[in-house]
Amino acid sequence: MSSKDKKLVLAGLAICIVIAVMAPFIASSNPDGLEKTAEDVSSAEESGIYEAPMPDYTIPFLGEDSPYGGIIALVIGVLITLGLGYVAAIALGKRNPPEALK
């Protein structure tokens, strides 16, 4: 990876982290359309097959009302997404390009 590419990735990561830190403070507490419809349609008896590790962008042991739990959950999500993207880029970059592109 070139120096220019590293700077671009670090700048993008910094922007994502800033957004993740600000988001819990500026986000609406009202549910969006999809969440509101799911609440109206589903009953309390129903449960999903899979329990989310950080439901509603919170970390359970920090409490649901803590903005710091939301910040940590968002930063962890950014880092996981960046890591998965990096692994995908490495995996796809090792393939041989088609003859037309050589």
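Rule-based calculations on the coordinates, nothing more; no lab input. Note that the structure is predicted; figures quoted are calculated from it, not measured. Every residue, glycine among them, receives a Cβ derived from its backbone with ideal geometry; neighbour counts consider all protein chains shown.
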Along Cα→Cβ, 7 Å out, is where each label goes; now give me the distance between the ones at residue 9 and residue 40 in nm to one decimal. 4.5
Kindly state, to the nearest 0.05, the FRET efficiency for residue 18 paired with residue 61, given R0 = 35 Å and r defined as their beta-carbon distance. 0.90
Here the gain from full extension of residue 79 to residue 92, 0.36 nm per residue of separation minus their alpha-carbon distance, amounts to 2.7 nm
